[in-house]
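Taking it in order: structure first as structure tokens, then the write-up.
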Amino acid sequence: MLTRFTTPRLGLILPAYNEQEVLPTTLSKLNTIKETLIQKNLISDDSFIMVVDDGSVDNTWEIIQEKEQLNSDLIGVKLSRNFGHQSALLAGMSESIKLADIVITLDADLQDNPDIIQKMVLKYKAGNEIVYGVRSSRKTDTWFKRNTALTFYKISSFLGVEMVPDHADFRLMSRVAVLALLRLPERNVFLRAMVPLVGFQSDKVFYERGERQAGTSKYPLKKMLSFAIDGITSFSVQPIRLLFNLGILVISIASIEIVYTIFEKMIGNTEAGWSSLMISIWLLGGINLVAISIVGIYIGKIFTEVKQRPLFQIETETGLFVEKLRKVD
Ligand code: UDP
Ligand code: MG
């Protein structure tokens, strides 16, 4: 059911880091899709494509400039150096939301199947502020990537990091959702976990993720691993709590140990020094763990505070405010 009858201006955002091999194909494919959507009157005819060049050292920027001459609906944004995928996406969103009513972010290598863009727009029209592109299977992944991803989502959800499983950064966001996202002031950007934090009505669209069309992956194993660890530690202080629980467990074992060694000593079963050694090793170990993790919990609190996340987000305002706020935008 449609709840929105206006024709939104869509901004398609592509982060690109050394994508000269694939960019021309991607741009022409996206252009065709954009034109079809304009013809169907689903998006406005001033919708655009924005490519964020994330400090490429190949001809990516030259290609963008060349295509820009031919197509006035293409916007190029060049970052001063390589800031990484997530920052490039944020840069693209904060720039394009100055013009667009809705944005869709997708990889430059056509792995995020652009054929579902229409479905995403329809879900927006049905009243959603965020539409997640979710992989219906991981067939195109290697066994290793499939299993590391699964473990990652399991650990994250165990640690209380809320994410949409099998969703990367292929998503539609409306103006309100993007503005809310941009209000999160954190420096550790992990969009997958940040986007659900802003709230609003959301939905999913399923798709088969294809193979990279050309060029090579910019996420080697090492980068992927540090991305995962960064993601978890930026969103959860649960690891510190686990350490605390471990400390309590060790102290409990130490208490049993104390009773046991005293008993052994009483019946004369021990060598000299054994009891005192055992007790001190376990007890001190446990106390140490607890002490460190208490300090850790406080550091964790400071860590969350320092980010200064807004405590709430106003979804609607009425009356004169609306006109005023629009003008400020
Ligand atoms: N990317 C970027 N900056 C980087 C690394 C990657 O903008 O530092 C872009 C890249 O050009 C692509 C997207 O992020 O559009 C996803 O990267 P890639 O396809 O290499 O990742 P994979 O799909 O292999 O996980
Ligand atoms: Mg890719």
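The values are calculated or read from the model by the stated rules, or taken from the named source; none is laboratory data. As the structure is a computational prediction, the values presented were derived from the model and not from experiment. Here Cβ is always computed from backbone atoms with ideal geometry, including for glycine, and neighbour counts include all displayed protein chains.
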Item to check | Which numbered condition L179 fails, given (1) part of a helix (DSSP H, G or I); (2) within 13 Å of ligand 1 (Cβ to nearest atom); (3) out of contact with any strand residue (DSSP E or B) (no Cβ under 7 Å at 6 or more places or on another chain) | outcome: (2)
Next on the checklist: Being within 16 Å of ligand 2 (Cβ to nearest atom), surrounded by 13 or more Cβ atoms within 10 Å (Cβ to Cβ) and assigned to a loop (DSSP other than H, G, I, E, B) is the requirement here; does G215 meet it?
Outcome noted: yes
Checklist entry - Does Y207 satisfy the condition of being within 16 Å of ligand 1 (Cβ to nearest atom), under 30 Å from M120 (Cβ atoms) and buried (at least 18 other Cβ atoms within 10 Å of the Cβ)? => result yes
Next on the checklist: Give all pairs with beta carbons closer than 6 Å in which a residue from region 179-194 that is under 16 Å from V103 (Cα atoms) meets a residue that is not aliphatic (A, V, I, L, M); count only pairs at least 6 apart in sequence or on separate chains.
Outcome noted: A180/Q313; L182/S94; L191/Q86; L191/D169
Checklist entry - Do we find a residue being in a loop (DSSP other than H, G, I, E, B), touching a residue at least 40 places away in the same chain (Cβ under 8 Å) and within 16 Å of ligand 2 (Cβ to nearest atom) anywhere in region 112-121? => result yes
Checklist entry - All but one of (1) of a type outside the set (K, R); (2) surrounded by fewer than 18 Cβ atoms within 10 Å (Cβ to Cβ); (3) more than 15 Å from ligand 1 (Cβ to nearest atom) hold for M173; which doesn't? => result (2)
Checklist entry - Quick check, is M93 closer than 18 Å to F170 by Cβ, more than 16 Å from ligand 2 (Cβ to nearest atom) and at pLDDT below 95? => result yes
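Listed here are the residues, each with its yes/no results for (1) of a type in the set (S, T, N, Q); (2) within 13 Å of ligand 1 (Cβ to nearest atom).
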| position | (1), (2) |
| --- | --- |
| N59 | yes, no |
| G76 | no, no |
| F83 | no, yes |
| A88 | no, yes |
| S96 | yes, no |
| L99 | no, no |
| A108 | no, yes |
| I116 | no, no |
Checklist entry - Mind checking which pairs have a first residue in region 199-215 that is at positive phi and a second that is of a type outside the set (D, E, K, R) and within 16 Å of ligand 2 (Cβ to nearest atom), Cβ under 6 Å, 6 or more apart or different chains? => result G215/V22
